[in-house]
Amino acid sequence: MIAAVTLLILIALAVAPGLIYRLGPRLSRAGLTLWVRSRFDPAVHGLPPREQLDAHRAGPPPPADRSEEIRAVAHDAWEGDWRSAAAFADAERQDWDERWSRLEVLRQIADESDAWLDDWLRARPDDGTAVTVHAQVLLHRGWAVRGDGYAHDVPAGRMARFMVQLNAAMEAARKAAELAPEDPGPWVVMVTAARGLGYEHDEFRQLWKELVTRAPYHYEGHCQAMQYWCAKWAGSRRLMMQFAERAARNAPAGSPLAGVYLHALHELTRRSGLSALPSSRAAKDLLESVARSLNQVPGEDQRVHQLRHLLAQYLVKVRRYDAALEQFRLIGPWCGAEPWTKERDPVAAFDLARGIAAMRASQT
């Protein structure tokens, strides 16, 4: 009986492909998958074959020389030499996004073992870079204590330790800001800590003003501020979306900043499902504008790989299939990222989404 029903669905869809979208939720996921797999040839649409799909990574690995550089810095640090870490961070003082990513590498190294960071701080107590990394470590450890749950689910003891750590991070970041007044890094730490410490809107806006005065398009700073303005912290859906839309529209060429809008949509859909996506013509047009902006980001920027997966899913959902297909072509065989990794079979979920985009796009 089930096989017969499935066969009828396939026959009907072969005759009238548009029926799949009119049926909507009445068509089972299994029926949809069967239809796509029976008609979708990836090669015809410029996509890699199913056999090449890789759910272990979001995109291609970073260049070998960058990976080797990071391994060398980590090795030196764990061997007790902090000077390589200091040189690695201070090699970039023009591109604040790149500098932040370097500081985050050092923070991750310190998470494994931080004796080298203590030595750095003792040797150079007035080094703003060292103090910023220290503030990042305190911040990250505080959030690790708290966990990802809602406040009412966090035990009182853990919440108390969380607040102690965040206050320490805030104090360290303020010291770093005095030592390195031009660096937005300490202000990113403060903006992030302010969310957990429950800063009022006016207090937060003062921190935000200091950050964007130094780096108007700082990607991580905007991501953390977007979280502050979301409903589960200090804002609302409206405030979060207003903030994210401004970021998307103001993103300069070559910056992944427009991706903040995708993070905001991810926040919406995590709470309410894909039905929460804005469905107006303006919202759909903004998604395509985000796609055009991300297409200008250099391919070696690792952040853009994660963003493309969210973008492709949302474009399919709002039926902008041509734009979605373009993103799937740019993604290639990689599918080790959300939203696919939230599914039981990430490869199948990814293949289904790109198949729908390809089959419904007006041009191939």
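Taken together, the values in this text are just the output of simple stated rules run on the coordinates, not laboratory data. Everything numeric in this text was worked out from a predicted model, so none of it was measured. Cβ: placed from backbone, ideal geometry, glycine included. Neighbour counts: every protein chain shown.
Brief remarks follow.
- Isotropic mean projected area of the C-alpha convex hull, the stretch 75-228 (nm²): 8.8
- Angle in degrees between helix 156-179 and the longest Cα principal axis of the chain, rounded to the nearest 10: 70
- Debye log10 I(q)/I(0) at q = 0.11, 0.12, 0.15, 0.18 Å⁻¹ for the stretch 215-331, Cα point scatterers: -0.31, -0.37, -0.60, -0.87
- Fluctuation leader among Val36, Val189, Val304 - the chain, Gaussian network, Cα springs under 10 angstrom: Val36
- Set of lysines with alpha-carbon distance to Lys175 below 21 Å, sequence-local pairs under 8 removed: Lys209
- Percent of Cα-Cα distances greater than 33 Å, calculated over the chain: 38
- Rounded tilt (10° steps) of 96-112 against the dominant C-alpha axis of the chain: 80
- Computed over the chain, the per-residue total of -39500 (n - 2.57) for DSSP H runs of n ≥ 4 gives a 222 nm mean residue ellipticity of -21500 deg cm²/dmol, rounded to 500.
- Crossing angle, helix 185-197 versus the chain [Cα axis fit, 0-90 degrees, rounded to tens]: 70
- Mean-square fluctuations from a GNM of the chain, with a 10 angstrom spring cutoff on Cα atoms, peak among Ala349, Ala323, Ala91 at Ala91.
- Where trypsin sites (Lys or Arg not before Pro) fall in DSSP loop in the stretch 210-250, at most 16 other Cβ within 10 Å: Lys232
- Cross-link partners of Lys284 among lysines, defined as those whose alpha carbon lies under 21 angstrom from its own and excluding same-chain residues fewer than eight positions apart: Lys317.
- Set against the 2.2 N^0.38 Å expectation for a compact globular protein, the stretch 263-360 has a Cα radius of gyration ratio of 1.00.
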